[in-house]
Amino acid sequence: MPSPVRFLLDESRLPKHWYNLAADLPQLPPPPLHPGTLQPIGPADLAPLFPTALILQEVSTEREIEIPEPVRDVYRQWRPSPLFRARRLEQALDTPAHIYYKHEGVSPAGSHKPNTAVAQAFYNREAGVRRIATETGAGQWGSSMAFAGALFDLEVQVFMVRVSYEQKPYRRALMETWGARCLPSPSDETRSGRAMLAKDPHHPGSRGIAISEAVEMAGLREDTKYALGSVLNHVLLHQTVIGLEAMEQMQMAGEYPDVVIGCAGGGSNFAGIAFPFLGAQLRGGRRTTIVAVEPAACPSLTRGRYTYDFGDTARLTPLVKMHTLGSAFVPPGFHAGGLRYHGMSPLVSHLRELGLIEARAYEQTRSFEAGVQFARTEGIVPAPETNHAIACAIDEAIRCREEGTSRVILFNLSGHGHFDMQAYSDFLSGRLIDEDFDADALERALAQLPALNAV
Ligand SMILES: Cc1ncc(COP(=O)(O)O)c(C=O)c1O
């Protein structure tokens, strides 16, 4: 009997709770601050942006938070997602390592993002909200929110970073098919967008600017709230269904990961796969090496400063302590649009400071090379963001070969790349280059960090 390739949980094994890492941390991350008073923000400060249920999740220290039945009911359309053993990739690498991946590309939108979009749509709907304003980098989050909005009868307005809007017309069509309205950011519909266009009419946009536009729009109308697809504690919480399922599936495989890997833009899919394993370790379980992989062209965790900064460019959000390249930093227009963010989740940043996780940075050509090797062995064409995690998993497996050790490697396949074929074409025809960030622009962005040395 050949060894199994797919580890499948039936619907009855769908988690009933999300896992909250805050319950097991040796110390909590520093609190977000009000930019005016520099005091920790309270629930009232967030009320214009988010429904109460999500604000409570943001500050909760309960270990388990129940997943509402209507959310589980939608999850059942694609969850539990499959876990695969990458046998053919292992063979191609001639490695003694065992490589596993959790496939989040099976969701309707093609990535892990609906895990939180569905939950956020549900809580907003429960709170009587009619409209969601949000931003998207690569289009994965915007399409996930559009999908969730369609199911919970919410209007969705998406500000899409202009370079991605131009690179990925079909992501926009997907959002529109689900009923959302999608605009290139910076747009002329908000004050922050107009300010950027005045400086540069061809501004490529950034996640930070698109967030400013969506936050501003949410502030303009009583019936409109803001939704963020990464970074915040409640978003990371919703993603833990990935790791909770993976723990059971690894048990089915009779193995436990020595290394867990996720790519990191704002940190949500990384947290999703890693936090349940990290929590088990913090409660006295086995030690696992946990690696967040980011793009070398936007290296917040590996090259950024750990300090209080704004989450957006127009400085409308609270101040959060995180690894940041400066909220004024505009990364080069590389293809992993979902990883083009100046900051990192405060929780993931905190873990790095505590030495509980590692961070590595990869160039985009190396990542695409890994993605193509994966596609040619395992068959699945991964998202450009995911390729960063695959490159790291491959390097770990090669290290096992060189050292003659067999380790168990688990990575999160955060999404498929079916809407990213232009990037693959560019790579295959040798047109993809490794654009470094502008070091002077980074220095200027860091010089503009809020002066909060006292906090
Ligand atoms: C497929 C995919 N992977 C990863 C990311 C990075 O986001 P995060 O770090 O929040 O998982 C994105 C963001 O859009 C994405 O679309």
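Per the conditions (1) of a type in the set (S, T, N, Q); (2) within 26 Å of R315 (Cβ to Cβ); (3) away from the ligand (no atom under 14 Å from the Cβ), the sole criterion not satisfied by T116 is (3).
Of all residues in region 347-359, count the ones that are more than 13 Å from the ligand (Cβ to nearest atom) and not in a loop (DSSP other than H, G, I, E, B). So the count comes out to 5.
Residue count for region 127-164 under the criterion of being of a type outside the set (S, T, Y), farther than 13 Å from Y226 by Cβ and within 16 Å of the ligand (Cβ to nearest atom): the result is 12.
The C-beta contact set for region 324-343 (first residue closer than 16 Å to E363 by Cα, second residue charged (D, E, K, R) and away from the ligand (no atom under 15 Å from the Cβ), distance under 8 angstrom, 6+ apart or interchain) comprises P332/E435; P332/D436; P332/D438; G333/E435; F334/E435; H335/D426. Look at region 370-391: where a residue is among the acidic types (D, E) and a partner is within 12 Å of the ligand (Cβ to nearest atom) and assigned to a helix (DSSP H, G or I), sitting 6+ places away or on another chain with Cβ atoms under 9 Å, you get E385/Q140; E385/N269; E385/G337; E385/G338; E385/L339; E385/S367.
Just to check your reading of the model, which residue among A214, A195, A210 is surrounded by 16 or more Cβ atoms within 10 Å (Cβ to Cβ) and modelled with pLDDT of 95 or more?
Working: A195 fails: surrounded by 16 or more Cβ atoms within 10 Å (Cβ to Cβ); A210 fails: modelled with pLDDT of 95 or more.
When all the criteria are applied, what remains is A214.
In the set (1) under 23 Å from P26 (Cβ atoms); (2) crowded, with 23+ Cβ neighbours inside 10 Å, A280 fails one condition alone, (2).
Need a quick list: helices (runs of 4 or more DSSP H) entirely within region 227-290 having at least 1 residues that are among the hydrophobic types (A, V, I, L, M, F, W, C) and away from the ligand (no atom under 16 Å from the Cβ). Outline the logic, then answer.
On the way: elements: 233-239, 241-253, 268-282.
Where helices (runs of 4 or more DSSP H) fall fully within region 227-290 and carry at least 1 residues being among the hydrophobic types (A, V, I, L, M, F, W, C) and away from the ligand (no atom under 16 Å from the Cβ), they are 241-253, 268-282.
Note on region 396-427: residues that are closer than 21 Å to G338 by Cβ and open to solvent by 20 Å² or more (accessible area, probe 1.4 Å) amount to 8.
Could you list, in sequence order, the residues of region 194-216 that are part of a helix (DSSP H, G or I) and more than 18 Å from G265 (Cα to Cα)?
Answer for region 194-216, where residues must be part of a helix (DSSP H, G or I) and more than 18 Å from G265 (Cα to Cα): R194, A195, M196, L197, A198, K199, E213, A214, V215, E216.
The values are calculated or read from the model by the stated rules, or taken from the named source; none is laboratory data. This structure is a prediction, so every number in the text was calculated from the model and none was measured. Neighbour counts are summed over all protein chains in view; Cβ atoms, including those assigned to glycine, are modelled from backbone coordinates with ideal geometry. Each accessible area value is taken on the protein alone, full model and side chains, heavy atoms only, with ligands, DNA and RNA left out. Shrake-Rupley method; radii C 1.70, N 1.55, O 1.52, S 1.80 Å.
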